[in-house]
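Novice: Just dropping this structure here.
FYI, it's all coordinate maths here, none of it is from the lab. Computed from a prediction, not measured in an experiment: that's the story for all the values here. Ideal geometry is used to build each Cβ from the backbone, glycine not excepted, and the neighbour counts take in all protein chains shown.
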Amino acid sequence: MFERWLNQRIPASYRHSLNHKNLFILPSKAGGAYLFCIMAVYLLATNYQNNLILLFAYWLIAILIIAMIASFLNLSGLKIQKQNCNPAFCGESIALEIRVDSPKAAYQLIFHDTEQSSIDMVPRGSSLHHLHFLAAKRGLFQLPRIKLMSTAPFGLFKVWTHIDFATEALVYAKPIACPQYLAGTGKYLQAGDEKNTQADEFQGIESYRQGDARSRIVWKKMVPGKSWMVKNFESGQQTEIWYSIHHLSGALEERLGQLTWLVLQAHQQGYRFGIQLFSHDISPDDGVQHKLNCLTKIALTANKEVL
Amino acid sequence: MKKTVIANTSLLSMALACLILTGFMTSQVGWPAFGFLVANVGVRFYQEVASKEQWRRLTKWVPGLFFTLAVCLVAFSFLQGQLLNSLFTMLICAQGLTFLNLHQQRSLFTLTWVQMFLTAATMMYFLELYYAVILFLSSLLALFATFYQYRSAHSTVVEHAKQYLKLTVLALPVALILFAIMPRLPPLWQMPKAQTKTTGLQENLNPGDIAQLSLSSDLAFRVNFSSIVPPREALYWRGFTLDYFDGKIWQQSGAAKQLRKYVISKNKDLRGPVQDDDVLIYQVIAEASQQNWLFALDLAVSDTKGVALMPDYSLLARKKLNKKFQYQVSSYYNLALDDEPAYRPLQHYLQLPEAQNKKTREWALAMKQRFPSDTAFVEQVLNYFNQNSFFYTLEPKQIPAPVIDNFMFDSRQGFCGHYASAFAYIMRVAGIPARIVLGYLGGEHNSNGDYYSIYQFDAHAWVEIWQPQGWTRIDPTLAVAPERVSFNLQQAVGRDEFLAESLFSLHKFDQVPGVKSARMLLANIDYQWTRWILNYDSAQQERFLSHILGAQNILRSLLIAVSLIALLLVSFLLIWFVSKPANNQNKLQKAYKKALNSLEKLGIYKKEGETPATLLYKIRIENVEVAKQWKILCTIMDRIQYADVSETERQRLYVNLQSVVKNIKKQVRDVVRK
C-alpha cells in the first residue's frame, strides 16, 4: 500500500531532483524532546506570568521554525544521478556509483544502504559517491528504494526521501571451490570428450591483442617499448576444457556456484574453456569478455531449468 | 568522523553554557551545586587528555562517588524545605552527571533541553536586561554544541559559528513578533512560589532599617508622568502609614493589619473613585519587592487591576510583587486626605505607651501650654530641631532606651526615621493625631526616556498630623537637613557616607565626567526593556496592536503575525542560502575573478574556454612582469584544486593566492600609468 503510493509519488528514475514534491520532513526524536521542552518553558512563563520567559519560549519556537526551514532547504535542490553499477558476487556488496550535484554546500547526507554511507558535507558542484547494497540473491537484482536522510543543521528535524534509481544489478552466483573439477568435467552426452585432456598445439607467437590470456604472454620476449607477444594455438587443435553443469554434484545453487568458481579459476589459469548449462552451451573461448559472458549466463540460469 | 563522537568544540561550548547558567543559579541553590557541576565538567575534560590507563583507574571510583554526592546534595536541599530550589538542585546534578558521561549525541541533546528549561527557570529571578542577555547567550552556546556536531572536515569553527549566528539571530525578530502579537493566556494553575528575600521598605520603623536602605542603590520603582510633572519638593511617594507606637518601634496596629488582610483576601476596595479637575496621571513600574506596598503621591487612586485602595489613601498590591508590576495612578493633589471614621477614628491616632519617654512627654506638654494653637506648636517643635545641635547622618550612634528621650536630649544624631519618630510622638503627647508615613522622597529624572527613577536610597519617613482641613504632611527632617528634600541624599550626606558599603555602585561616581550620562543611558535602556518587554501585558498588547496595525480582533492580528514572520523568514533564509557557499571553491573563484579584472585593464579579456595557462601566453606579449606573477598564480591555483594537501597547507595557499592577486593588480596599475 505504502509502496504503491510511494511509487506514484516518487517514480523510479535514473536521476532525482530533491524538492518539496519528494522530501518528507518531521521532527526527529530530539525535535520532539525540544517541543516538549518549549511547552514546559511556555507553561512556566504563563503560570508565573513572566514575560521574559515568554520571550524566551517564543525565541525557542522561532528557532524551531527556522530549523525546520533550514533542514528542508539543506537537502532541497540536490540532484542525485545514477552512474555505474558493477556486477557483484552473491553475498558481496554491489557498489552503485552516484553523482550528487548541489547548488550549495549541504550538511550531512545519510544513505540507508547496507553500509549506512554518509557524507558529512556535500560540496558545492558535482561529487561522486558510492552506495552499497548486499547482493543477497543470484540473478538480476532490482536495487531497492533507498532512504536518504539528514537531520542537519540542528538535529531537530529529520528530512528524508525514498528514491528508486530504477537500476538492476547483476549478481553472480557465489563461487564454491571445487578443485577436483578444475581439469574439466567433459561435455555431457557428447562425443569427443577425450579431446579435453589433449595438450595444446603450439602454433607460433604473434602480437598481443586485448583480451588475450595473460598466461599466454611470452614473458621472455618482452622488450620495453615493443608490443607484447603471445603464444598462439591453432584453434581447431587447441585444448578445449569443458565444464558441464550435468557433471557437477549437489543442488542447483551449489552447482552454479561451483561452475562460477571453475570459470574464475580457468580464466585465471588462462585456459580455453567452454561451459555447458541446462539449456545451452557456451563454446570454448578465452579472455575477459568470455569470462563475463559465462558468469552472466550462469547468474541468469532460471531456477526452473532443472535437469 | 562518527556521529556519536562529541567534538571538542561542542564539549567546550556546552561546558561554558552549563557553567554560566549554574553560576546564576547559585543565588538560589547555593555554591555546592555549582561546585558539583564544575567537578563533573573538570573530570570530563580530564578524560580528553588522560591516557587510557589513567582513565580506567579513575572510572573505578569517580562515577560512584559523584552519584553519591549528587544524591546527598539533592537530599540536603529537600531537607531545607524549598520545593523549587531542590528541584533546581536535582536538575543541576542531573546536568553534571550527564556531562560526566557525555559521549553520545543523545546525551548532548538531553543536556541542551534541560539547559533550556533551567535557563527559563533562572529568568524568574534575573529579569534585568543584562542578565537576560547573558542568559540568552548561554543558551546560544548550548544550542551551538549540537549545531557544531554537523560540521564537516573542511570548515573551520569560525565559519561554522557564522552560519549558526545567522540562523539564530534571525530567530530574535521572529520571537519579538510572536511576543508582540500572540494572545496571552492567564495562568493555567498555581505554581509553588519562588522564595526570594523581600527588598524595599520594612514593615516597621525601627531606627537602623532605613539606614540600611540608604546604602542600597537598587531601583525601587520608576514613574512616567503623562502630562505635568510636580516640582521635586512635592515628590513625597507615600507607601503606607504606621499608627502604633510601643515606645521603641512604630508599626501598623493589629486593626490596620486586619484591614490589610481583609482587603487582600476579599478583593475589596476601601475607597471609591474621586472627582476633581486637578489631577496628575502617571504610570509606575514597581520593582519586585516581594511585598504588597505600592507607591504614589498624595491622595492617590488607581483603577489598575490588582491594586487595592486603602482608607488612608495608600495603595496596596493584592499579590506580593514577585515581579515588576506596572500600575496607573491618578493623584488629586489639591484634595485633602480626609479621615476614615468607619475604620479608624481619630482617637486611634493618639495611642501612646504610658510609661516610656517621660522626659520628652513633659517637655512636649510644657511646650503645648506655651503654644496652645496647633500651628504654633508645630512650628516651635520644628524650630527646636532646627535651633539645637541636631545632625542629619546616615550612620548614627546606637541609641539606648528610652529611644526618644535619648535622641531628643542626648545624641541628637539621626536620619529621617529618628526625626519622624520623635516628632510623631511629641504630636501625640500634645493631643494632635499623628501617624508616620513610610515611602520615598524625590527621584532622579532620566532625560533619555523622560521618566523618574526612585532608588532604595531615596527611602524616607515623615509625619502626617490631623488638622481640621485633613491630614497634613510635616517633614521634620526638613528642619534639620533642608537639602535632603530639595536635592538628593548624596548631596545631603556627602559622598563618603552615601552608599558607603557598595563600593562599585555607579551612583558614587556621578561627579566623574561621562559616568552620569552613561549611567542614565543604561538606566533608560533598562526602563524601556521593563516597559515594553517585562510589563507588556494583554492590555498593553491590545493598545499596541490597534495603534500599530489597526487590528481589531485576534484573528486578524494572528494573520498579520504569520504573514510578517513568513516574510521575514523567507527573505532572511534566502539571503542565508545565497551567501552560504563561502566555501573554499568560492574563495578561489573570487580571487581568480579579481585577477581577471586586473587583466582587463591591460586589454586582455578571457574568452570562453580559456584557461589560466592559455592566458599566460597572451600576458607575456603585453608585459613580462605581470606574466611572471600570473605563472605563480597558475601554480597556486593548480595546487589548491588538484593537489592532495593538508588543511593548514591549503589555508596557507589561499593566503599566498591573495597576495599574488594583489601583486598582479599593483603591477597592472603601474603598467597602465606608464
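Novice: Hey, what angle do you get for helix B:647-673 against the long axis of chain B, alpha-carbon based, 0 to 90 degrees rounded to 10?
Specialist: 80
Novice: With the crude spin-label approximation of a point 7 Å out along Cα→Cβ, what separation in nm comes out for A:HIS20 versus B:ARG543?
Specialist: 4.1
Novice: Determine, for each peptide in B:416-423, A:58-65, the mean count of other beta carbons within 10 angstrom over its residues, then list the peptides with the highest first.
Specialist: With the highest mean Cβ count within 10 Å placed first, the list reads B:416-423, A:58-65.
Novice: Let me see the P(r) profile for chain B: every Cα-Cα distance counted, bins of 20 Å, each bin given as a percent of all pairs.
Specialist: 14, 34, 28, 16, 7, 1, 0
Novice: Scaled to the compact-protein estimate 2.2 N^0.38 Å, what is the alpha-carbon radius of gyration of the protein assembly as shown, rounded to two decimal places?
Specialist: 1.47
Novice: From the Cα gyration tensor of the stretch B:21-144, with a ≥ b ≥ c the square roots of its eigenvalues, which class applies: rounded if a/c is under 1.5, or else prolate if a/b is larger than b/c, or else oblate?
Specialist: Values: a/c = 2.36, a/b = 1.38, b/c = 1.71.
Judged from the Cα gyration tensor, the stretch B:21-144 comes out oblate (a/c at least 1.5, b/c at or above a/b).
Novice: While we're looking at this one, here's another question. Given H placed on each backbone N at 1.01 Å, which residues far from A:ASN19 in sequence or on other chains put an amide H within less than 5 Å of it?
Specialist: A:GLY77
Novice: Work out the FRET efficiency for A:ARG9 and B:PHE78 from their Cβ-Cβ distance, taking R0 = 60 Å, and round it to the nearest 0.05.
Specialist: 0.65
Novice: For a 24 Å ceiling on Cα separation, which of these pairs sit above it: B:LYS166/B:LYS662; A:LYS104/B:LYS587; A:LYS104/B:LYS666; B:LYS606/B:LYS665; B:LYS305/B:LYS516?
Specialist: Too far apart for the 24 Å limit: B:LYS166/B:LYS662; A:LYS104/B:LYS666; B:LYS305/B:LYS516.
Novice: May I ask you to evaluate 6.51 cos²θ - 1.76 cosθ + 1.60, the Karplus curve with θ = phi - 60°, for each residue of the stretch B:172-177 and list the ³J(HN,Hα) values in order in whole Hz, giving x for glycine and proline?
Specialist: 5, x, 4, 4, 5, 4
Novice: Right, another one. Amide H neighbours of A:TRP242 under 5 Å, at least 5 residues apart or on other chains, H built in the peptide plane: list them.
Specialist: Under 5 Å from the amide H of A:TRP242: A:THR185, A:GLY186, A:GLY274.
Novice: Ratio to report: Rg/Rh of the stretch B:584-673, with Cα atoms as the point set and Rh obtained by the Kirkwood method; give two decimals.
Specialist: 0.97
Novice: In whole Hz, with x marking every Gly and Pro, tabulate ³J(HN,Hα) for the stretch B:447-452 from phi via Karplus 6.51 cos²θ - 1.76 cosθ + 1.60, θ = phi - 60°.
Specialist: Here the 3J(HN,Hα) series is 6, 4, x, 6, 8, 10 Hz.
Novice: At what distance in angstrom do the alpha carbon centres of the stretch A:1-67 and the stretch B:231-299 lie from each other?
Specialist: Using only Cα atoms, the two centres lie 51 Å from each other.
Novice: Amide H of A:PHE89 versus every other amide H placed in the peptide plane: which residues, excluding those fewer than 5 positions away on the same chain, fall under 5 Å?
Specialist: Hits under the 5 Å cutoff: A:TYR172.
Novice: Let me ask something additional. For the stretch A:107-123, take each phi angle, set θ = phi - 60°, evaluate the Karplus expression 6.51 cos²θ - 1.76 cosθ + 1.60, and give the result in whole Hz per residue in order, putting x for glycine and proline.
Specialist: 7, 5, 9, 10, 9, 8, 8, 5, 9, 6, 4, 9, 10, 5, 9, 6, x
Novice: Still on this structure: In square nanometres, what is the average projected area of the Cα convex hull of the stretch A:2-172? Write down the numbers at each step before the final one.
Specialist: On the way: hull surface 44.7 nm².
Approximately 11.2 nm², given one-decimal rounding.
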